Amino acid sequence: SQTIHQWPATLVQPVGSPLSLECTVEGTSNPNLYWYRQAAGRGLQLLFYSVGIGQISSEVPQNLSASRPQDRQFILSSKKLLLSDSGFYLCAWSVLVNQPQHFGDGTRLSIL
Amino acid sequence: GENVEQHPSTLSVQEGDSAVIKCTYSDSASNYFPWYKQELGKRPQLIIDIRSNVGEKKDQRIAVTLNKTAKHFSLHITETQPEDSAVYFCAASRSLNYGGSQGNLIFGKGTKLSVKP
């Protein structure tokens, strides 16, 4: 069966520091991958999605970036974090577009 | 682009009662409608979904109905239990044959359901 891993589970970073969150999927090939952000008590905001290695689409302009160096690896990065980057970051995968998405356990990011 | 409205934002029911959450969508090309349950501090989990070629789908105490003409779909939970307490999200997406971010889920803002024992 397919599983999705995200780490770290929690992260506390100072303003201006870099960020790297990693997500990997097991048990499937060429999945669609997604990064979402959820502010406290709010809905899900799609940040990036990828349909294949090296293919990244950005939904919201921001100081974050994403990369997909391997088929089942998706990385969310920032060179300099802002206070507004705090939130719950969720990675998800699906077999194809317009199909069920399955979420990882998330990373809770706090910026000080 | 697609816009999904979800109501109510909060819902409180007594244990054993039914709960109904409604969503409307704007894009008539949307054809896939999942519902997610998110417990506090945890990941959203898919609980039921429906495609536009059916009007209703049931899974034990949970059912989803779809009205394509009116462009709305609803989640029905019967015989609610305290463990049903969570935030529920609806979403909509459309097939690949259309332009833009085709196939990506557009989420509603969520409904916080509280089931009182």
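The values are calculated or read from the model by the stated rules, or taken from the named source; none is laboratory data. If you're wondering where the values come from, they're calculated on a predicted model, not measured in any experiment. Don't worry about glycine lacking a Cβ; one is built from the backbone with ideal geometry, like all the others, and counts go over all protein chains shown.
Structure summary
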quantity: Qualifying positions in the stretch B:1-25 - exposed (fewer than 14 other Cβ atoms within 10 Å of the Cβ) and modelled with pLDDT under 95; calculated: B:Gly1, B:Asn3
quantity: Filtered residue count, the stretch B:51-94, keeping only those that are farther than 30 Å from B:Gly41 by Cα and out of contact with any strand residue (DSSP E or B) (no Cβ under 6 Å at 6 or more places or on another chain); calculated: 6
quantity: All positions within the stretch B:32-59 that are farther than 27 Å from A:Tyr89 by Cα and within 14 Å of chain A (Cβ to nearest Cβ); calculated: B:Arg51, B:Ser52, B:Asn53, B:Lys57, B:Asp59
quantity: Matching strands (runs of 3 or more DSSP E) fully within the stretch B:1-85 where at least 1 residues are within 18 Å of B:Leu105 (Cα to Cα) and within 15 Å of the chain's Cα centre (by Cα); calculated: B:4-7, B:19-25, B:30-38, B:45-51, B:62-67, B:72-77
quantity: Test: residue in the stretch B:96-113 that is modelled with pLDDT of 95 or more, away from chain A (no Cβ under 11 Å), part of a strand (DSSP E or B) and crowded, with 18+ Cβ neighbours inside 10 Å; calculated: yes
quantity: The stretch A:20-35: number of residues that are touching a residue at least 60 places away in the same chain (Cβ under 8 Å) and part of a strand (DSSP E or B); calculated: 6
quantity: Of residues in the stretch B:26-45 being of a type in the set (Lys, Arg) and surrounded by 17 or more Cβ atoms within 10 Å (Cβ to Cβ), the one farthest from A:Gln45 (Cα to Cα); calculated: B:Lys37
quantity: Residue check for A:Ser17: in a strand (DSSP E or B), hydroxyl-bearing (Ser, Thr, Tyr) and away from chain B (no Cβ under 14 Å); calculated: no
